[in-house]
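Quick note: the coordinates plus some simple rules give every number you see, no bench work behind them. Model, not experiment: these values are computed from the prediction. Every residue, glycine as well, gets a Cβ built from its backbone with ideal geometry; the counts of neighbours run over all protein chains shown.
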Amino acid sequence: MREEDWRSLVELEHSFVGDDLFLATKDDDQEKISFDKTWANLSETVKECQKCSLCDTRNHTVFGEGDVNAKLFFVGEAPGKDEDLSGKPFVGRAGKLLTKMIIAMGLQREDVFIANILKCRPPDNRNPSSEEIEKCVPYLKRQISIIQPKILCTLGSFATKTLLEEETPISKLRGKVYSYEGVSLVPTFHPAYLLRNASMKAKAWQDLQLVMKLLDTR
Ligand code: URA
């Protein structure tokens, strides 16, 4: 091959590779922009939500926080007083225990995503009503479908029963892996329950170990 032919071939090849890289970057950027938009829209919708009367008593909606690319998604029940005041999930006493549980798994809070079935605090921390759950749970379901985690860890009976559409008590449901829309779901006790029933921590730790095993293998 003549020297000038060789050079033009190399140049041609470079220009193709360059184009490919450029296109790949552009596609990735577009995907990120559209992801950010979808997420921001959902967050804005939740902030302005007036679908039930909890909007009259809330200080802040609690959208959820963490890594939007997380493999592990924790689902709690509803914001309490501290969460309502701060707009962040699990920041009170139960939240501090959840943080310890996450660290015991070798992770940080920032590595996972944390949200609740309800985005607003029920007054006096009463149980969520079925009407409130019905109105609010589509937000959580949308978050799950956007994040596409590998594992959902439901904390307590409301989160577990709502996603699994089950009436069985959490004490009977825990310890096993279920499926929610193709995502593995591991139920465990709510940290607030563990604060009142320390002897159940060993069982909760078994559940978290099950989550860790699934994270390693999927
Ligand atoms: N309990 C929950 O279920 N969620 C929170 O965010 C805080 C306490």
From the Cα trace of the stretch 49-111, what convex hull volume per residue do you get, rounded to a whole Å³? 89 Å³
Would you mind classifying the stretch 161-218 by shape? Square roots of the alpha carbon gyration tensor eigenvalues, ordered a ≥ b ≥ c; an a/c under 1.5 is rounded, otherwise it is prolate if a/b is larger than b/c and oblate if not. oblate
So the angle from the long Cα axis of helix 93-104 to the longest Cα principal axis of the chain, reported in degrees to the nearest 10, equals 50 degrees
Inter-label distance, nm, simple model (7 Å from Cα along the C-beta direction), Asn41/Ser130: 3.2 nm
For an R0 of 35 angstrom, estimate the FRET efficiency from the Cβ-Cβ distance between Ser34 and Ala104 and round to the nearest 0.05. 0.45
Solvent-free Debye scattering, log10 I(q)/I(0), computed from the Cα coordinates of the stretch 110-217 at q = 0.10 Å⁻¹: -0.28
Ascending count of other beta-carbon atoms within 10 Å, so fewest first, for Leu210, Leu118: Leu210, Leu118
Rg [Å, one decimal], Dmax [Å, integer] - the chain, C-alpha atoms: 22.2, 84
Potential extension, Lys201-Glu181 segment - 0.36 nm per residue separation minus Cα distance: 4.4 nm
Quick one: length gained pulling Gln209 to Lys150 fully straight, 0.36 nm per residue minus the C-alpha distance? 19.7 nm
Compute the separation of the alpha-carbon centres of the stretch 185-218 and the stretch 33-65 and state it in Å as a whole number. 28 Å
Taking R0 as 25 Å, what's the FRET efficiency between Asp111 and Gln50 from their Cβ-Cβ distance, rounded to 0.05? 0.15
Tally Lys/Arg at +1 and Asp/Glu at -1 over every other residue whose Cβ is under 12 Å from the Cβ of Arg93; what's the total? +2
If I fit a long axis through the Cα atoms of helix 201-217 and take the longest principal axis of the Cα atoms of the chain, what angle between them do I get, 0 to 90°, rounded to 10? 20 degrees
